[in-house]
Every structure is written in C-alpha cells, then in structure tokens.
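**Student:** My questions all concern the structure below.
Values quoted throughout were computed directly from the atomic coordinates according to the rules given, and no laboratory measurement underlies them. Note that the structure is predicted; figures quoted are calculated from it, not measured. FYI the Cβ positions are ideal-geometry reconstructions off the backbone, even for glycines, and counts take in every protein chain you see.
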Amino acid sequence: MATWKKVKLKFKDCGVGGAGQRLSDAFGGLLIADGGRHPGAAVYTQRTQDFEYVYYYFSPDACAIAPLLAETHGATPCERPDRPSLDGDGVHLAVGDSARALELLWPEDAESS
C-alpha cells in the first residue's frame, strides 16, 4: 500500500496568508506543473477538535510530486485518513481534483455506492 504523509501545523498559523495557506498554494503550483501525470495527487486538511492543530494529509501521488515540500514541513508517514463525510466531519479537500479525488483515493467506497 502506498504511503500517505501528514503535516501538523498550529491552527493559528492556518489562516489567510499563514503557513497552511502557503503550503496549499505551493502544492497547487506543483500540481499544475505536474500536468495531470499524477491524477491522485491531493492534499486534505483536518482540524483537531480542540482547534489547536490542522493536519495536512498528502496522498501518495502528492508525495510523489512534492516530496521536498512535505519534507520541509516535517511530514511523517501516516495511515490513509477516513474518506470525507457528508456531515462535514473528517478531512476536507484543500488542493486536488475534486471530481476524481474521492474515487481514486477511496476506490472501495466508490464501488459500494
């Protein structure tokens, strides 16, 4: 199974112009430069319940096109997060192909729906 990576940033640093936005913007530029060669490349976010931290999850394809970006932000290997839920809990797509990310990254869920 391919490895996901997770970056942990303080919630207060994830507002407009903060470290989280800069991370997302940098990944977006790399995603565009990739030209669609890694269709499963996506970054998802999830805040902690206590609003202390925000996690940025790099999909395996995201790790392939942005290894230095992930590394410079202290990314660590992690399990694949749970699929985003309709009730708004869990992870949210920050950067990636919204039309295809779910079916590519959680194919077993797409088959059962």
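**Student:** Out of curiosity, is residue 31 surrounded by 15 or more Cβ atoms within 10 Å (Cβ to Cβ), over 21 Å from residue 103 (Cβ atoms) and touching a strand residue (DSSP E or B) at 6+ places or on another chain (Cβ under 9 Å)?
**Tutor:** In short, no.
**Student:** Identify the single condition in (1) assigned to a helix (DSSP H, G or I); (2) closer than 24 Å to residue 85 by Cβ; (3) among the basic types (Lys, Arg) that residue 6 does not satisfy, given that it satisfies every other one.
**Tutor:** Residue 6 satisfies all of (1) assigned to a helix (DSSP H, G or I); (2) closer than 24 Å to residue 85 by Cβ; (3) among the basic types (Lys, Arg) except (1).
**Student:** For the stretch 61-113, enumerate the residues that are touching a residue at least 12 places away in the same chain (Cβ under 8 Å), among the charged types (D, E, K, R) and assigned to a loop (DSSP other than H, G, I, E, B).
**Tutor:** Residues satisfying the conditions are 79, 80, 83, 97, 100.
**Student:** Of the residues in the stretch 9-52, how many are touching a helix residue (DSSP H, G or I) at 6+ places or on another chain (Cβ under 7 Å), part of a loop (DSSP other than H, G, I, E, B) and not acidic (Asp, Glu)?
**Tutor:** 6
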